Amino acid sequence: MPPPPSPAKSKGKPRKRKAADINADIPAPLPEAPSTPQKRRARPQTPPPPPATPTPSAVRLIAEGVHANASPRRKPRSAAVNRLADPSRSNATLLSPQTSRIVAPKPVEAVSPSKVPRIQSRTTTANLLQEACAHLIKVDERMRPLIAKHTCEIFSPEGLAEQIDPFEALVSSIISQQVSGAAAKAIKGRFVALFNTNEDDSGNNAKEENGKTGPVAPVETLGESKDGNNNTTTRHFPHPSQVATTSIETLRTAGLSQRKAEYVTGIAEKFMSGDLTTEMLANAPYEELVEKLVAVRGLGRWSVEMFACFALKRMDVFSLGDLGVQRGMAAFVGRDVAKLKGKGGKWKYMTESDMEEISDRFRPYRSLFMWYMWRVTEETGTDVSTLEK
């Protein structure tokens, strides 16, 4: 009997293979070798450039005392005493930081009667600003509209009568470095409160860490404050002996960085040891003064120049390193400051030699000339560069 015929092959579509069958034919991939993720290259942090006109925040803190912004109920300022003045020396009324003894030029009334006729023709604190302004106008007539529009209160009879604690001014200079004016004022308020323990100064929360400053609450008015019973209390800036014996950790609670706390302690120790004295600051020749102060940690050339001008009230200080002064002088002589702004380099507005040559003409009142160059930088209504010499 013949074998049965084989079943006919289906002419339909070929049967699809299951995914499992297909994957079985593919060799398993080899495990990848572990790789170390590339680290993102950290960009070097460039410190922010100094403000073009740093005086509004930095110098204001140097020139103002603890009582500068006190409440209206504070005792009125005493009338200015007419004293002998010297453009090459300090004309400030200085307070010895440890004893509060006044160190200032001799009052005219205290001069011997036999010397009065000669004194009457000399420069005094009553006419110092007037003589300085007249000299600036005599040198360059373009100074006239600036002087007419802006009065420099710093060198006025009232400004020269302000009592300045040089220790406070130097500490304020350290506090104000590389922080905003509001932050510096808040930190100074907390610093003073550390040594006025009957006050609650918790509202000032400015804190400096690694060059950065945290939120700043409105600082309580310096000079007078309210205690827990709403009574007015007087705030005093600490003596060098108090600061020198206070730990760095305690000083940092005021918002100071580690380095600034060390600088402040170092200045206090200089006053305690006698390396810095009020008499030396008042009477030393300018170059000797600068050499002595730049040797103190934390005080650079610019800080010393601002201290000499605005705290010691020296009339012949000029800062070549101040960008605001450089820009103001460029505008003063008629240069296109807007075009020069994009130019690189430290001396983009004017060279150092040009600044020296121009400012030397205004000796011995270069401090006042420098102050007016800051006003040129801010000036919008008076275009002094278009005036004829």
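Points worth noting:
- With a threshold of 30 Å on the Cα-Cα distance, the over-threshold entries among Lys270/Lys341; Lys149/Lys270; Lys292/Lys346; Lys313/Lys346; Lys260/Lys343 are Lys270/Lys341; Lys149/Lys270; Lys260/Lys343.
- The residues neighbouring Val171, those whose beta-carbon lies less than 11 Å from its own, together hold a net charge of 0 under the Lys/Arg +1, Asp/Glu -1 convention.
- When Ser180, Ser359, Ser241 are compared by accessible surface with a 1.4 Å probe, the order from highest to lowest is Ser180, Ser241, Ser359.
- Within the range 308-355, the proportion of Cα pairs with more than 11 Å between them is 69 percent.
- From the C-alpha gyration tensor of the range 252-389, square roots of 5λ in Å: 33, 18, 13
- Surface calculation, 1.4 Å probe, protein heavy atoms: Tyr372 sits at approximately 0 Å² accessible.
- Built amide H within the under 5 Å cut-off of Arg83, gap 5+: Val108, Thr125, Ala126
The values are calculated or read from the model by the stated rules, or taken from the named source; none is laboratory data. Since the model is a prediction, treat every value here as computed from it, not as a measurement. Heads up, the Cβs are rebuilt from the backbone with ideal geometry, glycines too, and the neighbour counts pull from every protein chain shown. For the accessible areas, the whole protein counts, side chains as well, though only heavy atoms, and no ligand, DNA or RNA atoms are used. Shrake-Rupley method; radii C 1.70, N 1.55, O 1.52, S 1.80 Å.
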